[in-house]
């Protein structure tokens, strides 16, 4: 059985991935010293065969031995020698104690992919909430993950659930998720599909104003009744992610109703850029009321 020496355990692509797997759904354990019969176990618990086989292949490339694969359950090997090599090089792999090793950008990407394959998820509520997330009880470890994502220029939001004593990171926004997809992504096929679905859900919706004036006027009324929001007696706003939508809307408002608003740019708490058309002159609001576009 060929097992590399400690000095030969180079932190390459394979070992970086193995380390992340072990920090995510893996274990590097031995039984208590008080017990007579000793055992040492290194393995990955996961139901996905793609991840289990990837772990098995990479483990062989690093240590020269093939862990036992139980499809739908785990990939595991018993070895005191490998247990001691991993523990000496990286320390503890327990949920509250593991540490992300110092890596260059290339290896950061590989480490993060294997970790998110285990611990990450993708959520998509069409046109409302699309994000990648991960939970972790290890605050220091999670902060290292955030630092790694920052180095890849992927922005995150960090939250803490006091009741569960668990930390969470969330990745929002089309550009941000695109960057995550390109630089990290998933090997897990279901998570990869969901990420692609979430990215596909980001569409730039253009308001197609009809060229014929009477049809355009009817379209404008329907659009305004759907989109306009009244905040104060003499303040209304219309929001869109597409600035050109609002420029065109403003032009037709001026043409049909002699109403002219002001377009501003904003960024919400998730880092998503949006635009809003503000109408805040008393005479403009009254004009919209008189034309039965908004109610008093």
Which of 68, 251, 168 ends up with the largest GNM mean-square fluctuation for the chain, with Cα atoms connected below 10 Å? 251
For residue 207 and residue 13, FRET efficiency with R0 = 45 Å and r from the beta-carbon atoms, rounded to 0.05? 0.45
Does anyone have the angle between helix 80-90 and the longest principal axis of the chain? Alpha-carbon axes, 0 to 90°, nearest 10? 50 degrees
With everything on Cα atoms, drop me the angle between helix 189-200 and the longest principal axis of the chain, reported from 0 to 90° to the nearest 10. 20 degrees
Using the Cα gyration tensor of the stretch 213-290, with a ≥ b ≥ c the square roots of its eigenvalues, what is the shape: rounded (a/c below 1.5), prolate (a/b larger than b/c) or oblate (neither)? oblate
Read-out log10 I(q)/I(0) by the Debye sum over Cα atoms at q = 0.08, 0.10, 0.14 Å⁻¹, candidates (1) -0.43, -0.61, -1.06; (2) -0.59, -0.76, -1.00; (3) -0.52, -0.67, -1.00; calculated match is (3)
log10 of Debye I(q)/I(0), alpha-carbon scatterers only, for the stretch 117-203 at 0.14, 0.18, 0.22, 0.26 Å⁻¹: -0.47, -0.76, -1.10, -1.38
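If neighbour count is taken as other Cβ atoms inside 10 Å, put 114, 79, 95 in order from fewest to most.
Values: 114 29, 79 17, 95 13.
The most exposed by this proxy come first: 95, 79, 114.
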Mean Cα-pair separation over length for the chain, i.e. relative contact order, pairs under 8 Å, 6 or more apart, %: 12 percent
Global form of the stretch 1-98, assessed from the alpha-carbon gyration tensor, a/c cut-off 1.5: rounded
Can you tell me the orientation of helix 13-24 relative to the chain, as the angle in degrees between its alpha-carbon axis and the longest Cα principal axis, to the nearest 10? 80 degrees
Can you work out the FRET efficiency for the pair residue 125 and residue 87, with r the C-beta to C-beta distance and R0 = 35 Å, to the nearest 0.05? 0.25
Residue order, fewest to most beta carbons within 10 Å, for 188, 127: 127, 188
Round to the nearest 0.05 the FRET efficiency obtained for residue 137 and residue 274 when R0 = 35 Å and r is the Cβ-Cβ distance. 0.50
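Every read-out reported here was derived from the displayed coordinates using simple, explicitly stated rules and does not represent laboratory data. Computed from a predicted structure; not experimentally measured. Heads up, the Cβs are rebuilt from the backbone with ideal geometry, glycines too, and the neighbour counts pull from every protein chain shown.
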